[in-house]
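A quick write-up on the structure given underneath.
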């Protein structure tokens, strides 16, 4: 199903929650918000594979998903997914099941990269969702491959200074595998996220969505501002909402007047060690990426 | 050997308070031990910290089942955790709360002290983080370490002006328990 | 240092990162993307002659399993701190020895420490032993997750000068990858030599025990703290001796003191050096007692504790050997209190009185109600 358009409205979203009541994560957690939206979009005909991270702790107790869920290890969501995909096929049960992974940035871009790349390269049918809180948050805020340039973590105490990029660009890497669909999303644009999830699961092949999920404890802002920070990321161009469908890149939310990145950076204490040259560098990273998208 | 058990929520400095107490004991020339216990890693989950103080080296490394002193830094944790479990006849409980003792549901046989440490915290350090201030109150209940050493430990842990503000709060809490001033 | 964060090792790595970034510790740190890469990076660094360190626990340690063979096979003096944590599944972030004991056959030396001072001291000792030309094998220093990794207690920290006098900067006495004298690491020797490589490694690991004792003596001279491969306490006249490893032995020591005050002739023998196993020393310390209780904070499912067979082997050759009872306890961080120790002692005494029991392995802290509710018979 190529170039499928899915229309989603707030009214059109089901009332039914596909997660149990309660919450076992930190109050205000961006990833929990993402999980709730994603679960609603998926519905109950879903089998989910999770790799170790915040959403193992935050999703497997109160607020747990009401569909089958397996947490294996940290690095093997991709391989477990592959096994579930073919196991279901072998049993004649693959039809009508949304096979989804929910992994953090560590389990996706770093330790889990090998198994994800392998699963995607082989063309298994699944939707892999990365909730990105830009660090290994559950173990106490250590840097990951998606920790943005300049952010302070316990393993980048003076600010992350990887030499070449703002962060590891997982959507670009996934798209480079030739998959039919890859997209970014974030919690401040829930309808955009729901539309992308529904679109992805309808596709017979590997699909990937990367969801920016702010973490107040790790990023340094007040716990009630997760959605605001998520929105600010988009409005400053630090996070661009787009999809790549069979190689065609298309922004899904157009920002008319991009705010300077400094507004985003100043709102989080993880960027408190930035110098003016650092901020300029980040603005440059953002400017050149936005240019690609005509933003 | 004196055994103190702290109860609170993660993200509120329970472990820091326990460490400060243990550190102060060392400054007093004693041996001490501070051991935290939490089940899941997230902000807002119940945390317990165990502190032991003795004149001679402490070998035991298990949880404190029968504490001499219990410090509850956030009274809401009492909804989830039996903070008074294992108390002995002479055990004392100190709770951070503006409520009177009889509204805490701790039974009449317990020795309970209360202190509105959050109010003191908002006056001194201007934030509702009462962990260090509770130590001042604890010293008011029982002089487990010297105030001098506790002040020293706080000064080593926090930069100024936070250290002085915490010390001021500790003093206020101490006075409140002792009914001074 | 190349390390990947995992609870409860994170404090170690974070503290070192702080020291390195402030310049206090002159070292490079690689924030690798997995533990497999952490050990691989250590192998690379050690292979060119740099002093390498990493730390891990549980799943992370399990993930680096095949790399541990690289380290010992290449004879590299890498030191790793293991903050002992139970292996999944079920997931637990709490302490037991299953993770490091699952690595006991990798050709690494293994130490298990009882308190924070010993943790610090043993790292220094580990490097000195590892880098000794008669050893050249990697060393694991195991400290209980949470019970030691997160425990604060008074510790004497040597000055830089004192530490350097004991452990000078690396001066590799082993072939390294360098431009002046090229070597190939990782060749395939095929049948004619494979066995002999393993024999060499085996003999060196065995002999490492002697080097360890020498280094313990030197450490005692430099710092005044004397360690032994087996740490006995109140064993001279003990009728019952408790053998085990790790922080729980501190609690056992406390319980032994209580029991001695009550007139019970109990003692303990803590295994500090687990690999190579100090068979002779344990036989000497525990051989004279009537009965030995082995505490295993681990289990080989279906078989029993892992320390147990090593203890049996120690005592086997003795003509008048004590009975041995195996206890599996403290798994997944279950607290081992003085009461648990008393339970162990009374169960052991019961076995001594009545002869060896119907069970091979006792689980003294199992929750019978939970097992009943699950329909599992004891």
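Only the coordinates and a few stated rules stand behind these numbers; no lab work does. The model shown is predicted, which means the values in this text are computed figures rather than measured ones. Cβ sites come from the backbone with ideal geometry, for glycine too, and all protein chains shown count toward neighbours.
Need one number for the range C:167-293: average projected area of the convex hull over its C-alpha atoms, nm². Numbers along the way, then the final one.
Values: hull surface 47.7 nm².
Average of the hull's projected areas for the range C:167-293 equals 11.9 nm².
Using alpha-carbon positions, what is the distance between the centroids of the range A:91-135 and the range A:38-63, in Å?
13 Å
What number, in nm² with one decimal, is the all-direction average of the projected area of the convex hull of the alpha-carbon atoms of the protein assembly as shown? List each step's numbers first, then the result.
Values: hull surface 164.3 nm².
Directional mean of the projected Cα hull area for the protein assembly as shown stands at 41.1 nm².
Which residues among the range C:45-88 fall inside the zone where the amide N is under 17 Å from a point 7 Å beyond the Cα of residue C:27, along Cα→Cβ?
The answer is C:45-57, C:77-83, whose backbone nitrogens lie closer than 17 Å to the label point.
Please compute the modelled spin-label separation between residue A:9 and residue A:70, points set 7 Å along Cα→Cβ, answer in nm with one decimal.
Simple spin-label model gives 4.0 nm for this pair.
In nanometres, what is the gap between the two model label sites at residue C:210 and residue B:88, each 7 Å from Cα along Cα-to-Cβ?
Each label point lies 7 Å from its Cα, and together they span 5.2 nm.
Using r as the Cβ-Cβ distance of residue B:66 and residue A:44, and R0 as 41 Å, what FRET efficiency do you calculate, to the nearest 0.05? Intermediate results must be reported in sequence, preceding the final value.
Values: r = 49 Å, r/R0 = 1.18.
Once rounded, the FRET efficiency stands at 0.25.
Give me the angle, in degrees from 0 to 90, between the Cα long axis of helix C:35-47 and the longest principal axis of the Cα atoms of chain C, rounded to the nearest 10.
50 degrees
What nm value, rounded to one decimal, do you get for the distance between residue B:56 and residue A:177 when each label is placed 7 Å out toward the C-beta?
Placing both labels 7 Å along Cα→Cβ, they lie 6.3 nm apart.
For a quick check: sort A:124, B:7, C:202, B:111 by the number of other beta carbons within 10 angstrom, fewest at the front. Could the numbers behind the result be given before it?
On the way: A:124 21, B:7 25, C:202 12, B:111 16.
With the fewest neighbours first, A:124, B:7, C:202, B:111 line up as C:202, B:111, A:124, B:7.
Given Cα pairs under 8 Å that are at least 6 residues apart, what percent is the relative contact order of chain C? If you can, show how the numbers build up before the last one.
Working: 707 pairs, mean separation 53.4, N = 378.
Dividing the mean separation by the residue count of chain C yields 14 percent.
Just tell me how shielded A:136-146 is by partners: mean number of partner chain Cβ atoms within 10 Å of each residue's Cβ, no decimals.
Numbers: counts 5, 2, 6, 11, 7, 3, 9, 3, 3, 2, 0.
Per-residue shielding by partner chains comes out at 5.
Can you give me the C-alpha center-to-center distance between the range A:235-262 and the range B:1-15, rounded to a whole angstrom?
46 Å
To check you understand DSSP bridge types, tell me what percent of the beta bridges within chain B (both residues inside) are antiparallel, rounded to 5. It would help to have the intermediate numbers written out before the result.
Values: 16 of 29 bridges.
DSSP beta bridges in chain B are roughly 55 percent antiparallel.
Need the C-alpha centroid separation for the range C:32-60 versus the range C:313-376, integer Å.
Each part reduced to its Cα centre gives a spacing of 37 Å.
Quick one: work out the % antiparallel among DSSP beta bridges in the protein assembly as shown, nearest 5.
Working: 34 of 106 bridges.
The antiparallel fraction comes to roughly 30 percent.
Express the relative contact order of the range A:1-145 as a whole percentage, based on alpha carbon pairs under 8 Å and six or more residues apart in sequence.
Details: 248 pairs, mean separation 34.3, N = 145.
With pairs under 8 Å counted, the relative contact order is 24 percent.
What is the order of C:85, B:178, fewest Cβ neighbours within 10 Å to most?
On the way: C:85 31, B:178 12.
Result, fewest neighbours first: B:178, C:85.
Counting alpha carbon pairs within less than 8 Å and at least 6 residues apart, what relative contact order, in whole percent, applies to the range B:1-119? Intermediate values should be presented prior to the final figure.
Numbers: 239 pairs, mean separation 30.5, N = 119.
For the range B:1-119, the relative contact order is 26 percent.
Between residue A:16 and residue A:202, take the C-beta separation as r, use R0 = 22 Å, and let me know the FRET efficiency to the nearest 0.05. Intermediate results must be reported in sequence, preceding the final value.
Working: r = 20 Å, r/R0 = 0.90.
FRET efficiency, residue A:16 to residue A:202: 0.65.
Tell me the angle of helix A:30-42 to the major Cα principal axis of chain A, expressed in degrees between 0 and 90 and rounded to the nearest ten.
The answer is roughly 30 degrees.
Using r as the Cβ-Cβ distance of residue C:48 and residue C:190, and R0 as 25 Å, what FRET efficiency do you calculate, to the nearest 0.05?
Result of the calculation: an efficiency of 0.40.
Sorting C:211, B:51 on the 10 Å Cβ count, fewest up front, what's the list?
Numbers: C:211 19, B:51 27.
In order of increasing Cβ crowding within 10 Å: C:211, B:51.
Round to the nearest 10 and give me the degree value, 0 to 90, for the angle of helix C:10-22's Cα axis relative to the longest principal axis of chain C.
Between helix and principal axis, roughly 30 degrees.
Taking a label point 7 Å from the Cα of residue C:313 along the Cα→Cβ vector, which residues of the range C:99-142 have an amide N closer than 11 Å to it?
Within reach of a label on residue C:313: C:105.
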